[in-house]
Amino acid sequence: MEGKSPDLESIGSGTTTKRSSVSSGSRSRIRREFLSRFTDGEHFTEKLEDWFGLVLENSGTNGPVFEVPFELVELQKFDYALEGISFQQLTRMPNAVYASTSNAVEANAYLAIEDFLHATVKSLWEAFWSQDEPVPFSVGCLYNQNLKFYQAEKALAIGKLEGLSATGVLLKNPRHPHGKWDHILELALLRPDIGSFALESDHTPSLPVLGEALFYALRILISRSVSRLDFSQSSNCVFILLVDSQYGGVVKVEGDVNKLDFDVNNVYDCAADWIKKHSKIAVSPVDRIWNKLGNANWGDIGALQVVFATYHSIMQYFGPPRHSIEDLAADHSSRLHSRRQERQLGDTSLSENGMFRFQQRTMSPEIVEVQEESTKIEQETSMKLEVGSVLWLEDSNYQNGYQINEVLSNGTLPYHIASPVDDAGKSVFLYVGSPPSQLEPAWEDMNLWYQVQRQTKILSIMKQRGLSSKYLPQLHGSGRIIHPGQCQKPSSGGRCDHPWCGTPILVTTPVGETVADLVNEGRFGPEEAIRCCHDCLSALSSSSSAGIRHGDIRPENVVYVTSGVRHPYFVLIGWGHAVLEDRDRPAMNLHFSSTYALQEGKLCAASDAESLIYMLYFCSGDFPDLDSVEGALQWRETSWSKRLIQQKLGDVSTVLKAFSDYVDSLCGTPYPLDYEIWLRRLKRNLSEDHGKEIETSG
């Protein structure tokens, strides 16, 4: 932005221009001296005890002690403006309830707060101010001993955890890597039990928490008053965030620091007196920001008011955004109209009073003759399994029942999470094939055949050949459905007239969330990417030893197993398109198929590894629009030649960049992949970071 450079220096850092008068220079020196002595937040808070007690007494029990910083209508309009904006926190907030040690929780919490603020300022800057200019902010943790800022990882690495007191959003200035107080836009104080204030009737933080927030706010305001940076938009206002591992709120402090008596011999009394007489304090309700999994609920009011405070903090320095809240919120009506049309709710035009008119169409515009017999067959043939349904499977040796717990989709076909009726605590994946009564199967039914019958064959072969790896799916059961009513099939191999008779079923373990779900929810970070690469490569190593190649690696065919295990891991599922011999053909996917598969319709030795690279690449954010094989091949040629894939994965991890270089050298060649060396490198990388033993192959 023009005229806004955080490289401008504060007083005391070698200014190139002189003050216009001696009196102003003297005033600045006094304020800097005052600031250098104003360093004890606890002592400052003690000076506010009588004032705080009086404020509580005067407020009574009828309402909040302080005004709120934002009206609900403001937050609602801001929420509308954010509808098309993506926020992605990659570092999850730890939940203290499930943590093993308090130090580990606190360390991870600082990492999560830093990542949350970074995601917030990045998305706000790109949505409201500029998509082309780099984000001009840095985020760091404040070390209380020297009042300097450090990146959380570096602070934790050098043992400064116990001295960390806050996390700040600062103007980026390479000349001052540890930050300057007049560069602070916003501070977040991580304190335990902030959520307890949400249970209070007045939602007011305790004096120790509020006093600390006021202490930091006043330091920032004084620093700005002697700064050469231009905070002319609102230099007399600052926002302080109060957060714990689940909840958060906002404290807004506003006032003219020129009215503060800068008596350097009595700094705390003067500062407290300014708070009592010349400041305006607003405190928001404390509300939930992170769920128990550590993911930010960006659309809820807890996160919304924190993001809104950050928006105002940015605007204090950079001025009004290029795209206003009103401009972005105006699209809400069109998005709502589109959503109603998608849901086919009829006429959604506005009535005279501004309300939507709703007309439910109950009659078809055309008269269609329908044969009763065909309708009956269609109803019987379409088998709908709902949550709570129990489905019985007949194998050669036994009968087993499964209760449907969830109905899912891999993007094209449905599948289910179920529990055996004799072991309700166990979860399995259950796949239902196409009923054999459909004499002319549609394309979807062909895909069902790959998903059920062909995958059953592949998993059975794996079992026969002794493949055993936790990164491969295990065959839990397979057979035919036992349909309602009496089965009149003539023999064990035949089928009766019931449309469900003979429908194939496949049951596998273990159960987990797909990588596609993790990516959509912002939970597929660098650690998950490295672990996913290792675990899938281990699965491919095991299967290739038996001459089996996967042929359909994509985010929907990799699941993350977390339930009932000490260390979560990934499992490569979806083996229906596996290649056993030359006549077998892999699945064709414009985004994830290898170059050789798209060109020849076959797999080379490194094809599965190449598909794995594409999956990791696309999961890191870039997803081009590919609509033809020619376009997909051109994208691959350009991306590899310009090393775009290696660069993108290098941003995630150096070992993934090295692995992608290795796979690039093998693409289209007959040379086999050296699984062992790369499994060792990936395992070593994870072991260094997390100290976990990882199985390399089975």
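Determine the gain in length on full extension of the stretch E126-A546; use 0.36 nm per residue of separation and subtract their C-alpha separation, reporting nm with one decimal.
So the chain would gain 146.2 nm between E126 and A546.
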Worksheet item: So, in Å, what gap is there between the alpha-carbon centers of the stretch 581-602 and the stretch 114-171?
Response: 45
Worksheet, complete the sentence: Taking placed amide H atoms and a strict 5 Å upper bound, the residues 5 or more places from G140 or on another chain that come that close are G168, L170
Worksheet item: Using a Förster distance of 25 Å, how high is the FRET efficiency between D622 and E83, based on the Cβ-Cβ distance and rounded to 0.05?
Response: 0.65
Item to complete: Set the Förster radius R0 to 45 Å, insert the Cβ-Cβ distance between Q486 and D517 as r into 1/(1 + (r/R0)^6), and round the FRET efficiency to 0.05.
Response: 0.65
Worksheet item: Where in the stretch 625-640 does the amide nitrogen come within less than 13 Å of the point 7 Å from the Cα of L590, taken along Cα to Cβ?
Response: 625-636
Worksheet item: Measuring from a point 7 Å past the Cα of S26 along Cα-to-C-beta, which residues in the stretch 262-285 have an amide N at less than 19 Å?
Response: 262-266
Discussion item. I need the peptides 212-225, 454-467, 113-126 ranked by packing, meaning the mean over residues of other C-beta atoms within 10 angstrom, with the highest value on top.
Written reply: 212-225, 113-126, 454-467
Discussion item. Please give the Cα centre distance for the stretch 252-319 versus the stretch 628-684, rounded to the nearest Å.
Written reply: 47
Discussion item. Residues of the stretch 284-309 with the amide nitrogen closer than 18 Å to a label point 7 Å from the Cα of W51, along Cα-to-Cβ, please.
Written reply: 284
Response to the item:
Across the alpha-carbon set of the stretch 556-697, Rg over Rh with Rh taken as the Kirkwood radius works out to 0.96
Discussion item. Under the 0.36 nm per residue contour assumption, what length would be gained going from the current alpha-carbon distance of R583 and S196 to full extension?
Written reply: 132.8 nm
Fill in: Packing-based ranking, highest mean first, of 510-519, 145-154 given that Cβ atoms within 10 Å are counted
510-519, 145-154
Worksheet entry | Spin-label model distance (nm) - V629 vs D395, 7 Å beyond Cα toward Cβ | 4.0
Worksheet item: How would you rank 179-190, 128-139, highest first, on the average number of other Cβ atoms within 10 Å across their residues?
Response: 179-190, 128-139
Worksheet item: According to the Cα gyration tensor, what semi-axes, each the square root of 5 times an eigenvalue, does the equivalent ellipsoid of the stretch 137-224 have, listed from largest to smallest in whole Å?
Response: 25, 16, 11
Worksheet item: From largest to smallest, what semi-axes in whole angstrom does the stretch 25-327 give when each is the square root of 5 times an eigenvalue of its alpha carbon gyration tensor?
Response: 27, 23, 21
Response to the item:
Plugging the Cβ-Cβ distance of C496 and S641 into 1/(1 + (r/R0)^6) at R0 = 56 Å yields, to the nearest 0.05, a FRET efficiency of 0.40
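Throughout, read-outs are computed from the coordinates displayed, never taken from laboratory work. Values in this document were obtained by computation on a predicted structure and should not be read as measured data. For neighbour counting, all protein chains shown are included, and Cβ atoms are generated from backbone atoms with ideal geometry for every residue, glycine included.
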